[in-house]
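Peer 1: Handing you a structure now.
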Amino acid sequence: MPTPDPQPAFVLIRPQMGENIGAAARAMWNFGLDRMRIVAPRDGWPNQKAVAMASGAGRLLDEARLFDDTAAAIGDCDFVYATTARPRDLTKQVFTPEAAMQDARARIAAGGKVAVMFGPERSGMENDDIARANAIISVPVNPDFPSLNLGQCVLLTGYEWRREVLPADATRTDAVGDWAEQIEIEKLSQHYEERLEDAGFFFPEHKAANMKINLRNLWSRMPMTRADVQMLHGVMRQMVRWKERD
């Protein structure tokens, strides 16, 4: 039995400009996708403008598969999505890009072979192409300006695929650092309270307690490293020294 393909094929239906094919290739490679299929490109194939635009993703273009029509391009797939921003008179399940890539991952994990179709830049995908798809991917764009170019649509879909297949901890954006302990935050808070008390900051007196609570709450909301704490101690010490020189 053949090994299931670990990613969806991205199928460009009658793309019109080599530059857009190259931009799509670059977008795919940004997110680790390299199964490109091209149906009847208007300006022929291979295309030097596509190669120039693809920059470091030229290998992906070298391995792209060329087809005469949509049916041939998706013939070996068992589930196909069509990307379109316009409502159609075809009853199909509609996914956001995020939900579509979640669904695609599940199908691929179960041994399925999946493709995503992208239409021509100027007119979008025709109903004849969409009719061959099992589901639609619709991007929630501005209804007064719904058009996405080919590279943008590929980039958006590729990004959602990458998010889906990355381990959960790899999608975190927390900075890696030597985080300050609570005792260090407490000492920083005390340092600022004492110096601000000396400066007469906590005024009027009947509001001082709440002002100190608000200040402590500010520190607790800030994820700080030990270096951050040391810097903030240094800021206050320098301000005090500067004041004492007057």
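Peer 1: So, taking all protein chains as they sit and a 1.4 Å probe, how much accessible area belongs to Ser220, in Å² rounded to tens?
Peer 2: Answer for Ser220: close to 80 Å² accessible.
Peer 1: Give me the count of lysine pairs in the chain whose alpha carbons sit under 27 angstrom apart, restricted to pairs 8 or more positions apart or on different chains. Show your work: numbers first, answer last.
Peer 2: Details: Lys92/Lys113; Lys187/Lys207; Lys187/Lys212; Lys187/Lys243; Lys207/Lys243; Lys212/Lys243.
Counting lysine pairs in the chain gives 6.
Peer 1: For the range 1-140, compute Rg over Rh where Rg is the Cα radius of gyration and Rh is the Kirkwood radius from the inverse mean 1/r over Cα pairs. Write out the running numbers ahead of the final one.
Peer 2: On the way: Rg = 14.4 Å, Rh = 15.2 Å.
Reported Rg/Rh, Kirkwood definition of Rh: 0.95.
Peer 1: At 1.4 Å probe size, with no ligands or nucleic acids counted, give the accessible surface of Trp179 in Å², nearest ten.
Peer 2: 110 Å²
Peer 1: Counting each DSSP H run of 4 or more residues in the chain as -39500 (n - 2.57), what helix-only mean residue ellipticity at 222 nm follows after dividing by all residues, to the nearest 500 deg cm²/dmol? If you can, show how the numbers build up before the last one.
Peer 2: Working: 10 runs with 112 residues, N = 246.
Computed ellipticity for the chain at 222 nm equals -14000 deg cm²/dmol.
Peer 1: Accessible area of Asp68, 1.4 Å probe, to the nearest 10 Å²?
Peer 2: Its accessible surface works out to 140 Å², give or take rounding.
Peer 1: Connecting C-alpha atoms closer than 10 Å in a GNM of the chain, tell me which of Ala72, Ala82, Ala50 has the biggest fluctuation.
Peer 2: Among Ala72, Ala82, Ala50, the largest mean-square fluctuation in the Gaussian network model of the chain belongs to Ala72.
Peer 1: While we're on this one: Provide Asp43, Asp129, Asp62 ordered by accessible surface of protein heavy atoms (probe 1.4 Å), highest first.
Peer 2: Numbers: Asp43 85, Asp129 5, Asp62 130 Å².
Largest accessible area first, the list is Asp62, Asp43, Asp129.
Peer 1: As an exercise, find the ratio Rg/Rh for the chain from alpha-carbon atoms, using the Kirkwood inverse-distance average for Rh. Could the numbers behind the result be given before it?
Peer 2: Numbers: Rg = 27.8 Å, Rh = 22.0 Å.
Radius of gyration over Kirkwood radius for the chain works out to 1.26.
Peer 1: Now for a different question. Residue by residue through the range 7-19, which ³J(HN,Hα) values in whole Hz follow from phi under the Karplus form 6.51 cos²θ - 1.76 cosθ + 1.60 (θ = phi - 60°), with glycine and proline marked x?
Peer 2: Once rounded to whole Hz, the list reads 8, x, 7, 9, 10, 8, 8, 6, x, 9, 10, x, 4.
Peer 1: Can I ask one more? Give the angle, between 0 and 90 degrees and rounded to the nearest 10, that separates the Cα long axis of helix 226-244 from the longest principal axis of the Cα atoms of the chain.
Peer 2: 40 degrees
Peer 1: Taking every DSSP beta bridge that has both residues in the chain, what percent is antiparallel when rounded to the nearest 5?
Peer 2: On the way: 1 of 22 bridges.
Looking only at bridges with both residues in the chain, the antiparallel portion is about 5 percent.
Peer 1: Right, something else. Highest GNM mean-square fluctuation, the chain, Cα pairs closer than 10 Å: which of Gly200, Gly32, Gly111?
Peer 2: Gly200
Peer 1: Summarise the accessible area of the chain (1.4 Å probe, protein heavy atoms) by the percent that is carbon and sulfur.
Peer 2: Using a 1.4 Å probe with all protein chains present, the chain comes out at 52 percent carbon and sulfur.
The values are calculated or read from the model by the stated rules, or taken from the named source; none is laboratory data. Everything numeric in this text was worked out from a predicted model, so none of it was measured. Heads up: the accessible areas ignore ligands, DNA and RNA and are worked out on the full protein's heavy atoms, side chains in. Shrake-Rupley method; radii C 1.70, N 1.55, O 1.52, S 1.80 Å.
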